[in-house]
1. Note the full-extension length gain between residue 255 and residue 290 as 0.36 nm times their separation in residues minus their Cα-Cα distance, in nm to one decimal.
2. Below 8 Å between Cα atoms, with a sequence gap of 6+, how large is the relative contact order for the chain in percent?
3. How high is the FRET efficiency between residue 242 and residue 58 when r is their beta carbon distance and R₀ equals 30 Å, given to the nearest 0.05?
4. Rounded to the nearest 10 degrees, what's the angle between the helix 68-91 long axis and the longest principal axis of the chain, both from Cα atoms, 0 to 90?
5. Would you please state which residues of the stretch 35-57 a label at residue 80 would reach in this model, taking the label point 7 Å out along Cα→Cβ and a backbone N cut-off of under 18 Å?
6. At 7 Å along Cα-to-Cβ for each site, give me the label-to-label distance between residue 177 and residue 331 in nm.
7. What ranking do 33-43, 99-109, 223-233 get when scored by the average of other Cβ atoms within 10 Å per residue, highest first?
8. Across 20 Å bins from 0, what is the distribution of all Cα-Cα pair distances for the chain, in whole percents?
């Protein structure tokens with residue numbers, strides 16, 4: 001972690017607010033000092049929560065709204081206050097910050113994804129610190145990342161970071177919920193994210209935030225596939241960011257595996273939201289996962305969803321397990337007509353043939 005030259009820091013709502021959800025200015029000032037220290041000699045990108053919580057405070061509401069328009073209104077009011085706080089904090093050291101608001105549509109479309117990448121690169125080159133948040137004012141379910149842990153993981157991949165540091169309301173990943181079980185032990189290092197590991201994570205423990213430990217672990221799993229180390233640690237303790245970047249063993253370190261997924265496959269696997277599902281037989285699953293081959297129509301048992309050519313679809317085995325994601329060579333109606341057939345039969349059934357494959361290997365990422 002000491003060698004990390006480009007770092008994404010995700011700051012959770014609980015790292016910016018007190019127990020009642022109000023903005024904690026004293027703590028924010030201390031955190032800002034750590035961020036300024038981290039920006040010395042490194043490229044720094046900040047993914048910051050807190051806009052909705054600040055909006056709740058500014059509007060004098062007793063609690064975070066549960067309806068979407070209410071959340072959107074709070075985000076609109078709070079976002080300017082959040083950026084003002086960052087502007088003032090970084091301005092003391094004559095460092096510039098830039099507001100970047102994203103929706104999932106900005107990474108779902110490949111061209112827009114690349115536009116985001118180029119814009120962030122130019123900001124970093126100009127020694128500007130991007131402060132990124134989800135555009136909650138306009139985001140609805142189909143456009144949402146869902147939480148800033150997911151957003152931070154995607155951003156780390158977009159900017160090709162060396163490290164992702166998630167500042168949370170807990171010290172790291174424990175063997176049980178430390179708020180409920182006094183015997184819970186901190187796991188100092190995780191070498192692989194397994195289903196058993198995910199089972200240790202619960203939901204959000206906050207009334208003002210959206211992400212729980214499971215979203216943080218999934219974000220860590222995604223970035224480590226790209227060769228990006230991840231640390232989850234407490235954002236409530238001043239100096240933790242400095243400790244992580246100094247190589248001290250605080251929090252939980254998620255180590256990278258030996259292999260590295262390329263950028264396009266990572267985009268398919270993690271940035272895209274599937275618009276349909278292809279239920280496939282055992283032979284097709286083995287061909288895709290073990291033999292690294294394309295999915296042919298003959299292996300498809302059924303088709304679910306409404307999608308077009310080039311749209312992302314999940315590949316699901318007969319036990320209901322999603323094991324791959326890819327870009328469909330045909331729309332849902334066409335695949336329903338050719339499911340279970342040999343590739344040589346496609347033209348006789350449809351009257352034309354785009355490809356022999358339902359999902360080509362070059363457009364297919366095993367999860």
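Throughout, read-outs are computed from the coordinates displayed, never taken from laboratory work. Computed from a predicted model, the values in this text were never measured in an experiment. Here the Cβ positions follow ideal geometry from the backbone for every residue, glycine too, while neighbour counts run over all protein chains shown.
1. On the way: separation 35, 0.36 × 35 = 12.60 nm, distance 2.45 nm.
10.1 nm is the gain from fully extending residue 255 to residue 290.
2. On the way: 767 pairs, mean separation 55.9, N = 367.
Relative contact order for the chain comes out at 15 percent.
3. In this case the efficiency is close to 0.45.
4. 50 degrees
5. Under 18 Å, as judged by backbone N against the label point of residue 80, lie 50-57 of the stretch 35-57.
6. 4.6 nm
7. Details: 33-43: 17.1, 99-109: 18.7, 223-233: 23.5.
So the order, starting with the most tightly packed, is 223-233, 99-109, 33-43.
8. 28, 53, 18, 1
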